[in-house]
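The values are calculated or read from the model by the stated rules, or taken from the named source; none is laboratory data. Bear in mind the structure is a predicted one, so any value in this text is a computation, not a measurement. Every residue, glycine among them, receives a Cβ derived from its backbone with ideal geometry; neighbour counts consider all protein chains shown.
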Amino acid sequence: MPPIPNVHVVYDNRRVHRIDDRGNEAWSYKHARKRKTIKVSEQNPEIIRHIKDRLYKTAHKNKGFLGSQDRGMRFVTRAQFDNIITPEAVLQVVAKLACYQGLTARDHMQIAQDIYWGTEDGRRSPCRRLLASLIGTGNSEALGSIKTLIDEGLSDTCLPLLVKEVMEEDTLICAHHEHQHASINDMDLESRETFTALCRSFSVPFIKWKDGGKHCHYVLKSGGPLPMRGPLPMEKNDKMNEEGDFGEVFKVEIDPGDRDFDPEKNTNFFALKKLKKHGDSNGTSRADEFDLEIRSLIFAESRALKVPGPDDNGQTKRHLIQPLATFEVYDSTDPEPTFYFLFPLADCNLKQFWEKKRHDATREKHCGWMVEQFYLLAKALQCVHNERSLMFRSKRTDSNVFCRHGDIKPSNFLFFEDSQPGGLGRLVLGDFGMGRIHRKGSRSSQPAGERMATLSYQAPEFAKQDVVSLKTDIFSLGCVYLEHITWLLMGFEALDKFADARLETDPVYGFETDTFYNVSQSKDSVWLKEGVKRWIRDLKQHKDCVEVVYDLLEIIEHNMLEANHQNRINSVMLANNLEKVWIKWQRKDSLYGDRHWRESEIGSKAINRPNSSAKVLAISKELLWKQKANRASRRKIADNTTPNDHQNLPVKEITTVENPSGRFALERGKTFHWTMELELQSEDDSGSDRELSAERAEDIMTRVRALRRIKARERNDQVVNRFQKMDDISRSEGEPGSTGSR
């Protein structure tokens, strides 16, 4: 069943531009050519055979694997066609045809110009593809009928013709004029079939990305190949979607002359997704499946342009997969059209990223990249859910429309390398094959058993057969975030160990599963698996777990992986929490990314090693003369502050180690005002000159406090001088006879 007007989004002319002419109008506008006198060249007696051979050889190189039934179909790109069917070649063919014999050279010039550019009055379109298709049949009688066909109104606008069965015989019908041109059906059956196939090969669509901000949807009523060479061989790490649950994804090549857009990276390669038919029990058609996915993509993309949040600069949109175009291809042998999505080609998905990239938690750049990606992906999911903060008001017409992704997992996150050198790339949320659109009244009432997400990452609501809300995506996203942190700290091999750690027999399914939660036999209660909790604790104790990673683990454990969906965080709150972590990470003068804050860096080494002591040098970075005044005002430190004063701060976990000047308490989970430089010194170690005495540390702190008092006096003097100048001006304006008095 084809898409239905007023039901499917492809008929929404506010958001979608339906293109029925294969992009010919857009191509003509971009490649506007002025009519000119054709240069007369030396006559080639074999010009017709020469053109035919070139067309077939060129088409043989371009195997378009896409027909409506994926039959191997050859095609000629628009640039290649222009190189073969030139004005000079058309003029020589016209001079050779019997139907144009007896005319003057000036008449031949006029006819050739009309065939190549169309008539001067614009009443008839060019007939170049018509001429090439007739040449390709190899039938001289068919080629000789070109004059009659043109007189009947047949032109390139009519091509390719539709094949319909009339009185038990295939008949060629012109969809543009909605009737049949009689002479074309006078050909023999073999010539008609060859002519129809060649028309499709020479009439590949010209692809536009956006048309006035609208998504471009191409309708190919007469079928035919898309202008894409493929499927091209893929290496293991080049696949966008290795699972292929809701569509087959292929790597294809598109010639620059067949599109009006360029990808971020200078490449001709793209990803083409063929939608699968899912035979649901409720009888959804292929068009319904397509509508659900493209509607989710279009709505999410439109909301990403207006997502709330500081300094977005279009970054959120770049973390949602953007369809470049979609295609609706018909075939006489299939009652339903076949649908295709064209996407940018990702370098790999997140699962393959973990496998081929080297984890390095010790590099600040990599850790900061992870924080930024987590934050921007949360904002992208907020756009999908269409949730807004209470302070944000919207007058958009789609404010009551909500979308759930439904299948968040590592293979549905795509990784794109940066086109600029030095960049770490970006992660993009893709594959909306299970996306579902809900209205405000029904967004929290969809039965869980309708469409199951991938088992390993599904939310507990599915096992309880509870209602499925937008928060199921939050739980699945927390699972992916936790696996990414596992990879960052422990490597790709640890992911299998993590799966084994949560492997238990599921009472619902009756076999072992690696889900993140447990469910009771009666399905009335769910809870996070102990193996997951132990794994998170181990990650927090890892030697490379900096404070920013610790905060992320806290959000994942207590907010995202909450088994009770009513207590689980929503996408707005998640984006806000991750934004705070991201902003905090950007403070270059803090210890948020310094691994020396951890208990395992100080406590475990100092306590577990006998006869060892921790030498502490505490220097306040906020007291250096490069510190800005506004930052100092936010973080005031008293003149009598000592390295032990932060014992009075709220403490999550306290670890005490031996210190030359007494006991030293370390706060876990907070950012210090002090930079800790630690030296572990055993009694049997040599090199006593490396030790730092308590007197030396106190001397340094005395100098720091003196410097702070000097800077404070300087600021006070500046304020006093400013007020004194204001008083002097006021007195001078108030004196009698002064020109400034009023």
request  = Within region 1-31, work out how many residues are modelled with pLDDT of 85 or more, over 30 Å from G122 (Cα atoms) and of a type in the set (V, I, T).
outcome  = 2
note = Among S191, S145, S203, S183, the single one that is within 41 Å of the chain's Cα centre (by Cα) and hydroxyl-bearing (S, T, Y) is S203
query = Going through region 273-294 one residue at a time, which ones are out of contact with any Gly (no Cβ under 7 Å at 6 or more places or on another chain) and either at pLDDT 85 or above or surrounded by 20 or more Cβ atoms within 10 Å (Cβ to Cβ) (or both)?
reply = R286, A287, D288, E289, F290, D291, I294
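Residues checked against (1) part of a loop (DSSP other than H, G, I, E, B); (2) within 21 Å of E355 (Cβ to Cβ); (3) of a type in the set (V, I, T); (4) modelled with pLDDT under 90:
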{"site": "G422", "(1), (2), (3), (4)": "yes, no, no, yes"}
{"site": "F432", "(1), (2), (3), (4)": "yes, no, no, yes"}
{"site": "R443", "(1), (2), (3), (4)": "yes, no, no, yes"}
{"site": "R451", "(1), (2), (3), (4)": "yes, no, no, yes"}
{"site": "A463", "(1), (2), (3), (4)": "no, no, no, yes"}
{"site": "I474", "(1), (2), (3), (4)": "no, no, yes, no"}
{"site": "G478", "(1), (2), (3), (4)": "no, no, no, no"}
note = Filtering region 519-534 for residues that are farther than 17 Å from S476 by Cβ and either polar (S, T, N, Q) or surrounded by 19 or more Cβ atoms within 10 Å (Cβ to Cβ) (or both) leaves a count of 4
query = Here are some conditions: (1) outside any helix (DSSP H, G or I); (2) at pLDDT 90 or above. K34 meets all but one. Which one does it not meet?
reply = (2)
request  = Only residues in region 411-432 that are free of Cβ contacts under 8 Å to residues at least 24 places away in the same chain count as the first member; pair them with residues that are surrounded by fewer than 24 Cβ atoms within 10 Å (Cβ to Cβ), Cβ under 7 angstrom, at least 6 apart or cross-chain, and list the lot.
outcome  = D418/L424; D418/G425
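Residue by residue, here is whether (1) surrounded by 17 or more Cβ atoms within 10 Å (Cβ to Cβ); (2) assigned to a loop (DSSP other than H, G, I, E, B) holds:
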site: C99; (1), (2): no, no
site: G102; (1), (2): no, yes
site: H108; (1), (2): yes, no
site: Q113; (1), (2): yes, no
site: Y116; (1), (2): yes, no
site: R123; (1), (2): no, yes
site: G136; (1), (2): yes, no
site: E141; (1), (2): no, no
note = In region 405-420, anything touching a Lys or Arg at 6+ places or on another chain (Cβ under 7 Å) and either part of a loop (DSSP other than H, G, I, E, B) or farther than 10 Å from T454 by Cβ (or both) is listed as G406, F416, S419
ask   = Any idea which of (1) assigned by TED's automatic domain parsing to the domain that holds H176; (2) modelled with pLDDT of 90 or more; (3) closer than 20 Å to K214 by Cβ is the one K96 doesn't satisfy?
value = (3)
ask   = What's the number of the condition A614 fails, among (1) modelled with pLDDT of 80 or more; (2) assigned to a strand (DSSP E or B)?
value = (1)
query = What is the number of the single condition among (1) farther than 23 Å from S203 by Cβ; (2) free of Cβ contacts under 8 Å to residues at least 60 places away in the same chain; (3) crowded, with 19+ Cβ neighbours inside 10 Å that Q43 does not meet?
reply = (3)
Condition met for W527 (farther than 15 Å from S456 by Cβ and under 33 Å from the mean Cα position of the chain (by Cα)) = yes
key: In region 9-30, the residues that are out of contact with any Pro (no Cβ under 8 Å at 6 or more places or on another chain) and either in a helix (DSSP H, G or I) or β-branched (V, I, T) (or both)   = V9, V16, N24, E25, A26, W27, S28, Y29, K30
note = Flagged in region 86-138 as farther than 24 Å from L189 by Cβ, touching a Leu at 6+ places or on another chain (Cβ under 9 Å) and hydroxyl-bearing (S, T, Y), in numbering order, are Y116
ask   = Of these, R54, R128, which one is at pLDDT 95 or above, under 22 Å from P160 (Cβ atoms) and surrounded by fewer than 20 Cβ atoms within 10 Å (Cβ to Cβ)?
value = R54
